Structure formats: structure tokens, C-alpha cells
Amino acid sequence: MRRSRPSRADNAEEWSVVVVLFAFGSFVTTLLGGLTALRVRDYRHLMLGLAAGLMLGVVGLDLIPEALSQEPRVVFGVPAPLLTFVLGFLVLHVIERTLGIHRGHEHEYAEHSHAPQVGLLAASGLVGHSVMDGFAIGAAFQAGSTVGIVVALAVIAHDFADGFNTYTITSLYGNTHRRALTLLAADAIAPVLGASITLAFMIPAPVLGLYLGFFAGFLLYLATSDILPEAHASHPTRLTVLSTIVGVGFIWLVVGLAS
């Protein structure tokens, strides 16, 4: 979502309850997203394709533009958030290759075995992103009720995808059903926590921009290196490709409504 970071308004206290209520809406949609991923095992290839599309949409249409708006500083000819974006991609790539997380032939994606720790790390990153979503709701309401409501509705819709991705990624990497549900619960609570933080203080915009860039690179690696190959391993159908396109289109719609 396009998140502005205005100065704290004088009437912020009047909106404290409203902010928490909208954050609770994110709590509900996050759970719904995760439970949807849980219930569609027979269509796993389509759901993985959709998850990859949602992640690609979040990276290209949401996280990177927002990171650049929060931290426009240029370091040796390159915007700082793009440097952390590349860093995030490379960090996960190095971890996977160094630890030998993927075992088996690269063209036999269905034969891969994944380290559960990577799924937990990725899901934890999504939880951190959900904290920022809640933070965005609180910051927007500090600018005024109209801005706050628009951003809150966009975040609530967006968090359905976050919940879906959190459960999908955690379970995809071989974690137990209980662990996946635990991370899903944490992801659902995160927006409420993030919104509550804004009632006390705000994270500096440059720090937020660098974080969003790093996390965007992290998600891009997961979507292109792991999730998409898994989606096409046993069901290389046109419907899987279409589900990925639908995922990207959904994020575009959400971002457009928030603009």
C-alpha cells in the first residue's frame, strides 16, 4: 500500500480506538487468508501459483515503490532501498546454497527437500511486514480520517494475501501443521501490534525504507526460486500460470484503490 508518514496530528488520540478496530480487521482477514490456504490442498499447484503472484505483486507494486518513497537517498548512484533489495535476495540465496537446503537435481523441483528453518525465517519476515501494515494504519490516521480509512481498507485486503502466504510458505518448507498455524496466528496479531506502536512513537522513515527494500528482495527470491518451481513441478498447467497472473492483478487492484 502507498503509505505516507505524516507528522502526528493534534487529534490523534480521538482516533486511537478507530485505529485499533481497523487493525483488528487486518487480524480477521489475515486468519481468513491462512485458513483458505489450509483448505485447498487438492488445488495446491494453483494456490502456490497464486501465492507466487501475490508475492511478486507485493514486491513490485507495493514494497519497492514504498521503500523508495520512504528513503530516497542515493548511495553511489543507486537508491539505498534498491541496495538492500539486492542484499535481501542475495542473503537468502547464499543461505540456501551454503547450507545445501535444496537437495536433488535442480530440474526436479518436486524432489526437493526444504529446510524448515527457511520457512520459519520467511514467515517471520511476513510477520514483521504485517507489523508495518498495522503501523501504516496508525500513521495514516494521524494525517486525517479520510486518509486513514482508505489506507486501512487497502491494508485489510492486502493482509488476506499475507495470511495466505504465511501459512503456504511455512508448510511448504516442511514445517508441521502446528508451526504453520502458530506463525499464522502471529501474523494475524502483528497488525494490531503495529497499529498500537503508532500511538506511542513512529519509526524513522529511512529505516523503514531500508527494511522494506530488504524484505522485497527476500520475497522475490522465495517467489521465483522456490514457490513458482514447486507450483509447476507436478501440474505444469496454463491454469497455474493464470493463477500467478491473477495474484499480481489482485495486488495491483489493491494498490490502485489505495492510491
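Values computed for the structure shown
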{"quantity": "Meets criteria (in a helix (DSSP H, G or I), modelled with pLDDT of 75 or more, open to solvent by less than 10 Å² (accessible area, probe 1.4 Å) and under 19 Å from Gly209 (Cα atoms)) for Val127", "calculated": "no"}
{"quantity": "Among the candidates Leu31, Leu54, residue that is open to solvent by 40 Å² or more (accessible area, probe 1.4 Å), closer than 30 Å to Leu242 by Cα and either part of a helix (DSSP H, G or I) or touching a Cys at 6+ places or on another chain (Cβ under 8 Å) (or both)", "calculated": "Leu31"}
{"quantity": "Matching residues, the range 218-237, being farther than 28 Å from Asp133 by Cβ and surrounded by fewer than 18 Cβ atoms within 10 Å (Cβ to Cβ)", "calculated": "Ala233, Ser234, His235, Pro236, Thr237"}
{"quantity": "Matching residues in the range 152-179 - criterion: being open to solvent by less than 10 Å² (accessible area, probe 1.4 Å), modelled with pLDDT under 75 and more than 15 Å from His129 (Cβ to Cβ)", "calculated": "Tyr173"}
{"quantity": "Count - residues of the range 133-146 that are surrounded by fewer than 23 Cβ atoms within 10 Å (Cβ to Cβ), in contact (Cβ under 8 Å) with a residue 60 or more places away in the chain and out of contact with any Pro (no Cβ under 8 Å at 6 or more places or on another chain)", "calculated": "2"}
{"quantity": "Qualifying residue in the range 218-232 (condition: outside any loop (DSSP other than H, G, I, E, B) and among the aromatic types (Phe, Trp, Tyr))", "calculated": "yes"}
{"quantity": "The lone exception for Ala205 - which of (1) in contact with a Lys or Arg (Cβ under 8 Å, 6 or more places away or on another chain); (2) open to solvent by less than 10 Å² (accessible area, probe 1.4 Å) it fails", "calculated": "(2)"}
{"quantity": "Meets criteria (in a helix (DSSP H, G or I), modelled with pLDDT of 80 or more and within 27 Å of Tyr43 (Cα to Cα)) for Val207", "calculated": "no"}
{"quantity": "Odd one out for Thr240 among (1) under 16 Å from the mean Cα position of the chain (by Cα); (2) within 29 Å of Leu90 (Cβ to Cβ); (3) open to solvent by less than 10 Å² (accessible area, probe 1.4 Å)", "calculated": "(1)"}
{"quantity": "Count of the range 194-234 residues which are in contact with a Gly (Cβ under 6 Å, 6 or more places away or on another chain) and closer than 13 Å to Ala136 by Cβ", "calculated": "3"}
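Residue by residue, here is whether (1) within 30 Å of Val17 (Cβ to Cβ); (2) hydroxyl-bearing (Ser, Thr, Tyr) holds:
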| position | (1), (2) |
| --- | --- |
| Ile156 | yes, no |
| Thr168 | no, yes |
| Arg178 | no, no |
| Pro191 | yes, no |
| Leu199 | yes, no |
| Phe214 | no, no |
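The values are calculated or read from the model by the stated rules, or taken from the named source; none is laboratory data. Note that the structure is a prediction, hence the values are computed from the model and not measured. Every residue, glycine as well, gets a Cβ built from its backbone with ideal geometry; the counts of neighbours run over all protein chains shown. We work out accessible area using only protein heavy atoms, side chains counted, and drop any ligands, DNA or RNA first. Shrake-Rupley method; radii C 1.70, N 1.55, O 1.52, S 1.80 Å.
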